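Colleague: Here it is: the structure, laid out below.
Rule-based calculations on the coordinates, nothing more; no lab input. Small disclaimer: the values here were computed from a predicted structure and weren't measured. When we count neighbours, we look across all protein chains shown, and the Cβ atoms used for this are built from the backbone with ideal geometry, even at glycine.
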Amino acid sequence: TLSKRHKFWESQPVGQFKDAGNPNLLEGPIEPPTPLSEVKQQPYNLPGPYEWITCDMDTKEMCSEVYSLLTNNYVEDDENMFRFNYSKDFLQWALRPPGYYRSWHIGVRVKLSKKLVAFVTGVPAKIRVKDTIVDMAEINFLCVHKKLRSKRLAPVMIKEVTRRVHLENIWQATYTAGVVLPTPISTCQYWHRSLNPKKLIDVGFSRLGSRMTMSRTIKLYKLPDSPITPGFRKMELRDVPAVTRLLRGYLKQFIVAPDFDEKDVEHWLLPKEDVVDSYLVESSETHAVTDFCSFYTLPSTVIGNQNYSILKAAYSYYNVSTKTPLLQLMNDALIEAKKKGYDVFNALNVMENEVFLKELKFGPGDGQLQYYLYNYRLNQTLRPSDLGLVLL
Ligand SMILES: CCCCCCCCCCCCCC(=O)CSCCNC(=O)CCNC(=O)[C@H](O)C(C)(C)COP(=O)(O)OP(=O)(O)OC[C@H]1O[C@@H](n2cnc3c(N)ncnc32)[C@H](O)[C@@H]1OP(=O)(O)O
Ligand SMILES: CN(C)Cc1n[nH]c2ccc(-c3ccc(F)cc3OCCn3ccnc3)cc12
């Protein structure tokens, strides 16, 4: 919009607000690749007291440093009541998929104290946009310590991760954010399904509905003790080929979606305790895998509450229904999450999620998640239901 100046983002190969609606611009890469010999070989300059550090997430020390930077300085909700609390195991999972580059795990630390004060990451991903499969970097975990905010450090972090991605001959990226930047390819809503309404009300996440008592509220969100779908079970290693076939077939319907192979499915969807859970429905007569559902574990710190310090949240990940109605499949996912002690089950209105959000008693969240592509133009804004991509 004219009023807001984006001095950095107006310099980047991304859809610009001024170009919105211009039908003459071709879809696809905005800038051509640079010859590798012309990619800046040296890191960008940092302000005096700081230095770059490549974060080896294999070492416990570095993992702990990254964990504590994010736990104290990463994304908060609009009312600053909750802050994401990605676990160390989750970060190691999120940052080491097949083909990952350690050089894309970038930190900034104070030269003297060695304290980690900023972080940004990329992981490689094959992303299909319409009929084109594009090698991209998924950018995530951009974080500047609260004490170093508004010093234009973020643009330097972004230019440095861009440089390191270019060095691997990759020229596109995808990322999501709660803030509006030039220019979202889609604007999604997030929704929350209470599993432990009493705790959610105690921490201020939810409010008691008008004309609702606590006991009436608890009853409203009550769930069966076990999944109801026959053949519903946890995913196992032996299921990777079938789940890959099922998921690849399902994701074809979306305009933007990951192009997962069996190695990707094994990494991203095989259950990992307190990181990612996945279930499937196996037909008892044919043994065919007909349906799949998954959610990842991302707790939030409850900022400044006497009784609770952590909100245990499950986030809907990839779900496929070909035989079991999606409503029933997702209700079984809610039942599993409740059984495992989650307080809330979150979901975006992407893919076919609108089918179950209202029906399964999700309530709308108070913000939006913007989806972006870097150096790749799309001439239309996508509906959330056109998106088959979930970033962590
Ligand atoms: C080919 C490969 C390409 C790879 C790269 C692709 C692009 C990847 C892009 C990254 C994707 C990350 C995805 C991701 O990690 C998921 S979104 C989560 C981002 N992290 C947080 O919200 C954590 C808490 N906040 C902070 O740590 C800081 O506020 C951050 C670091 C966010 C900004 O630090 P700051 O101290 O508050 O601000 P300055 O340094 O003074 O800089 C101000 C400039 O930064 C622009 N800004 C603000 N928030 C942004 C955001 N979330 N994305 C992109 N840009 C963002 C802002 O518009 C302004 O530019 P403008 O003047 O043009 O408007
Ligand atoms: C996606 N990934 C890039 C992390 C990320 N960055 N910025 C965000 C803004 C919203 C959501 C989000 C996505 C789905 C959802 F159901 C709830 C969400 O945020 C609730 C508000 N909140 C923020 C922190 N604690 C609670 C994620 C993110």
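Colleague: How big is the gap, in Å, between the Cα center of the range 66-107 and the Cα center of the range 269-347?
Modeller: 20 Å
Colleague: Now, a different point. Over the chain, what is the mean sequence separation of C-alpha contacts under 8 Å (at least six apart), divided by residue count, expressed as relative contact order in percent? Can you show the working numbers first?
Modeller: Numbers: 737 pairs, mean separation 90.1, N = 392.
Once divided by the residue count of the chain, the mean separation gives 23 percent.
Colleague: Let me ask something else about it. Under the rule a/c < 1.5 gives rounded, and otherwise a/b versus b/c splits prolate from oblate, where does the range 39-83 land using the Cα gyration tensor?
Modeller: Numbers: a/c = 2.64, a/b = 1.54, b/c = 1.72.
Oblate, since a/c reaches 1.5 and b/c is not below a/b.
Colleague: If you take the beta carbon distance between L36 and I133 as r and set R0 to 30 Å, what does 1/(1 + (r/R0)^6) give as a FRET efficiency, to the nearest 0.05?
Modeller: On the way: r = 22 Å, r/R0 = 0.72.
Step by step, r from the Cβ atoms, then E = 0.90.
Colleague: Here is a follow-up. Between rounded, prolate and oblate, where does the range 129-249 land on the alpha carbon gyration tensor, with a ≥ b ≥ c its root eigenvalues, rounded for a/c under 1.5, else prolate if a/b exceeds b/c?
Modeller: Working: a/c = 2.81, a/b = 1.36, b/c = 2.07.
It comes out oblate by the Cα gyration axes.
Colleague: When a/c reaches 1.5 or more, the comparison of a/b and b/c decides; with that in mind, is the range 47-108 rounded, prolate or oblate per its Cα gyration tensor? List each step's numbers first, then the result.
Modeller: Working: a/c = 2.06, a/b = 1.25, b/c = 1.64.
Cα axes put the range 47-108 in the oblate bin.
Colleague: Within 10 Å of each candidate Cβ there may be at most 12 other Cβ atoms; applying that plus a DSSP loop requirement, which trypsin sites (Lys or Arg not before Pro) in the range 324-392 survive?
Modeller: Numbers: sites: K338, K339, K340, K358, K361, R377; in loops: K340, K358, K361.
Filter output for the range 324-392: K358.
Colleague: Would you calculate a helix-derived [θ] at 222 nm for the chain, using -39,500 (n - 2.57) for each DSSP H run of n ≥ 4 and dividing by the full residue count, to the nearest 500? Let's see the in-between values first.
Modeller: On the way: 9 runs with 87 residues, N = 392.
Helix contribution divided over all residues of the chain: -6500 deg cm²/dmol.
Colleague: Return the lysines within reach of K234: Cα separation strictly under 20 angstrom, same-chain partners fewer than 8 residues apart disregarded; answer none if there are no such residues.
Modeller: K263, K272, K323, K338, K339, K340
Colleague: Trypsin sites (Lys or Arg not before Pro) within the range 1-90: which are DSSP loop residues with at most 10 other Cβ atoms inside 10 Å? Let's see the in-between values first.
Modeller: Values: sites: K4, R5, K7, K18, K40, K60, R83, K88; in loops: K4, R5, K7, K40.
Answer in residue order: K4, R5, K7.
Colleague: Taking N as the number of residues in the chain, what is its alpha-carbon radius of gyration divided by 2.2 N^0.38 Å? Mind showing how you got there, number by number?
Modeller: Details: Rg = 21.5 Å, N = 392, 2.2 N^0.38 = 21.3 Å.
Ratio of Rg to 2.2 N^0.38 Å for the chain: 1.01.
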